[in-house]
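Okay, structure first, notes after.
The values are calculated or read from the model by the stated rules, or taken from the named source; none is laboratory data. As the structure is a prediction and not an experimental result, all values here were calculated from the model. Counting neighbours? That spans all protein chains shown, and the Cβs are built from the backbone with ideal geometry, glycine included. Keep in mind that these areas ignore ligands, DNA and RNA; they rest on the heavy atoms of the full protein, side chains included. Shrake-Rupley method; radii C 1.70, N 1.55, O 1.52, S 1.80 Å.
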Amino acid sequence: MSQSVNPEDRNYERKLEEMSPFEIKNTLINLAEKDAQRSTATFLNAGRGNPNWLLSLPRRAFFLLGQFAVQESERKMYDAPMGIASSPSSAGVAERFRSFVDAHKSDPGAHVLNHYYTYMTTEHKADPDEFVFELVDGILGDHYPTPPRILKYTEIITRDYLRWAMGGGDDATVYDIFATEGSTAGMCYMFNTLQDNYLMSKGDKIALLTPCFTPYLEIPRLAEFGFEIVTVSANKVEKDGYHDWQYPKEEIDKLRDPSVKAVCITNPSNPPSVCLSREVLDMLVDVVRKDNPQLMIITDDVYGTFVEGFRSLMYELPYNTICLYSYSKYFGATGWRVAAMALTQGANVFDDRLAALPEDKKKLLAERYSTITLDPSSLRFIDRLVADSRLVGLNHTAGLSTPQQIQMALFSAFAYLHYKELQPKLIDMIHTRLNDLWSTTGFTLLPDPNRAGYYSEIDIMVWARKFYGQEFADYLATNYEPLDFVIRLADETAVVLLNGDGFDGPAWSVRASLANLDRDAYLRIGKAIRHILDQYHDEYVKSGKK
């Protein structure tokens, strides 16, 4: 940003407001860093959702497994001095694995490996050599992913983990999994395959439950898609002037229109970080059963594990729903880029919509996929996602890298086999930070069993009215751009938050991530938020408007 630009100039702020909040963030960081340099303030960036924790035990298992795998490859050497080893063999690998794990039993990673091995060979009757060879060959990464969609045993443990994480309980529905480079990659694949297979065309209606992750607002509007956006908003203020971030009936009823072909949902939401209530889930079920049975539901449920008893739409409406789940947040693994897309193996709306296409479209699609199957019409939607991710012709090289898949499997095994101990600790850590943030604002955080608390969306206008009245709120809206709040916050207190309206939230809302800073930082951020609000009020009083 040029030194000559006043960051609180309204014209400048209006130009910034046209950008994504993730791009505005860079400007805010520059301002906050400058303030930290010229004052005693400490730069605090609560603008990104990257957690400041990670789960070390499944990573210990990964790196210990890597040692065993390299040892296996070196059983036969082509050139020992240069480390040119052979691809490992599956014969007897399980027995050697068990001996290796026993020899390293003092390493916590060995306990994870042993627990995973025991579970898979007893509960799922996995062939020991075949299972261990998948781990060894996968972590070495010396072959293309086979099958491309996901490795055999990795899919089994991922199913088990997702069934727990997404609230499946004892539900017997079997889901096919596509391992992807993060859920954002999965969403890109989703939009492309929907269009390439004539399930969505330019001008078709797609609904977005907002506020939501900004890219989900931006992608459907791109020229190559050109979808008509139907906004289903949770911005309505409820409960005596407080947001509850749920969707009123009149908003959900927009989905009853059969011309709305698809809906994108982030559940729990981002940034309000609240999951769909039982009432809203029931309304969605009613919409599908009575009025829009062919609705395609795309749900991104990355924050579901931060709500005890979370229930995903993949188990409420399995026929209609494809679920995206990223391992980035719960495991502190944004850099690993591992996620899963889950679609029921049985009848589903995506495959049935393909079967119902007119013959001319089916012919074109038969030509599209003819190079990878003798019977293109039988190619399921989830396998089309895989093929389309590599422009069909490179289908044989598709799939998430095998080392990433092995880490995903170890994440899944550890979290599933220790969910009773792990989940409460992570939820408590997040909620403690959330309560600390709100405690120093002077604002009231109402109890909410649907709150994940990974982010907090704070509507400044709500608190402007509650503390200082409607006339002050009107003054604020008339004399300042909504973006002014986060700019002042960065420029004057070295605190970075994102503007909530960039997520289609209330214009004067701000988003704070509760994941990436320690407790004391949130106490200070809360004070900074209240300081800026009070500063506006001081200006209001001095203006004589009071």
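Just checking, how many residues over segment 53-93 are more than 29 Å from M429 (Cβ to Cβ) and aliphatic (A, V, I, L, M)?
9
Quickly run through segment 289-315 and pick out the residues that are under 15 Å from the mean Cα position of the chain (by Cα) and of a type in the set (D, E).
Of everything in segment 289-315, those that are under 15 Å from the mean Cα position of the chain (by Cα) and of a type in the set (D, E) turn out to be D300, D301.
Kindly list the number of the only condition in (1) among the hydroxyl-bearing types (S, T, Y); (2) in contact (Cβ under 8 Å) with a residue 24 or more places away in the chain; (3) farther than 30 Å from D171 by Cβ that fails for T373.
Exception for T373: condition (2).
Just for strands (runs of 3 or more DSSP E) wholly inside segment 114-233: which have at least 3 residues that are closer than 22 Å to Y325 by Cβ?
175-180, 205-210
Is segment 494-506 home to any residue that is within 20 Å of H243 (Cβ to Cβ), touching a strand residue (DSSP E or B) at 6+ places or on another chain (Cβ under 7 Å) and open to solvent by 30 Å² or more (accessible area, probe 1.4 Å)?
Taking every residue of segment 494-506 in turn, at least one turns out to be within 20 Å of H243 (Cβ to Cβ), touching a strand residue (DSSP E or B) at 6+ places or on another chain (Cβ under 7 Å) and open to solvent by 30 Å² or more (accessible area, probe 1.4 Å).
Have a look at S99, S106 and point out the one that is among the polar types (S, T, N, Q), open to solvent by 50 Å² or more (accessible area, probe 1.4 Å), outside any helix (DSSP H, G or I) and out of contact with any Asp or Glu (no Cβ under 9 Å at 6 or more places or on another chain).
S106
Please work out if P318 is within 22 Å of S378 (Cα to Cα), over 15 Å from the mean Cα position of the chain (by Cα) and part of a loop (DSSP other than H, G, I, E, B).
Here the answer is yes, as P318 does meet what is asked.
Of the residues G169, G186, which is within 25 Å of the chain's Cα centre (by Cα), within 26 Å of G309 (Cβ to Cβ), of a type in the set (G, A, S) and surrounded by fewer than 16 Cβ atoms within 10 Å (Cβ to Cβ)?
Step by step, each of G169, G186 is checked, and only G169 is within 25 Å of the chain's Cα centre (by Cα), within 26 Å of G309 (Cβ to Cβ), of a type in the set (G, A, S) and surrounded by fewer than 16 Cβ atoms within 10 Å (Cβ to Cβ).
Would you confirm whether any residue within segment 236-251 is in contact with a helix residue (DSSP H, G or I) (Cβ under 8 Å, 6 or more places away or on another chain), part of a loop (DSSP other than H, G, I, E, B), closer than 26 Å to Y454 by Cα and among the hydrophobic types (A, V, I, L, M, F, W, C)?
No: zero hits.
What are the residue pairs meeting all of these: first residue in segment 419-448, first residue within 19 Å of M166 (Cβ to Cβ), second residue β-branched (V, I, T), Cβ atoms under 7 Å, and 6 or more apart or on different chains?
Q423/T305
Which pairs turn up if I take residues in segment 391-404 that are more than 16 Å from M190 (Cβ to Cβ) and look for partners that are exposed (fewer than 14 other Cβ atoms within 10 Å of the Cβ) with beta carbon separation below 6 Å, at least 6 apart in sequence or on another chain?
T397/Y144
Among the residues of segment 111-159, count how many are over 21 Å from S401 (Cα atoms) and surrounded by fewer than 20 Cβ atoms within 10 Å (Cβ to Cβ).
Result for segment 111-159: 13.
Out of everything in segment 258-288 that is among the small types (G, A, S) and crowded, with 20+ Cβ neighbours inside 10 Å, what residue ends up being nearest to the chain's Cα centre (by Cα)?
By that ranking, first place goes to S269.
Answer with yes or no whether A91 is touching a residue at least 24 places away in the same chain (Cβ under 8 Å), open to solvent by 50 Å² or more (accessible area, probe 1.4 Å) and among the hydrophobic types (A, V, I, L, M, F, W, C).
Against the criterion (touching a residue at least 24 places away in the same chain (Cβ under 8 Å), open to solvent by 50 Å² or more (accessible area, probe 1.4 Å) and among the hydrophobic types (A, V, I, L, M, F, W, C)), A91 qualifies.
If a residue counts only when it is under 23 Å from the mean Cα position of the chain (by Cα), buried (at least 17 other Cβ atoms within 10 Å of the Cβ) and small (G, A, S), which helices (runs of 4 or more DSSP H) contained entirely in segment 349-462 have at least 2 such residues?
Of the helices (runs of 4 or more DSSP H) lying wholly inside segment 349-462, those with at least 2 residues that are under 23 Å from the mean Cα position of the chain (by Cα), buried (at least 17 other Cβ atoms within 10 Å of the Cβ) and small (G, A, S) span 402-417.
Any chance you could count how many residues in segment 226-257 are modelled with pLDDT under 90 and either surrounded by 16 or more Cβ atoms within 10 Å (Cβ to Cβ) or hydrophobic (A, V, I, L, M, F, W, C) (or both)?
The total comes to 1.
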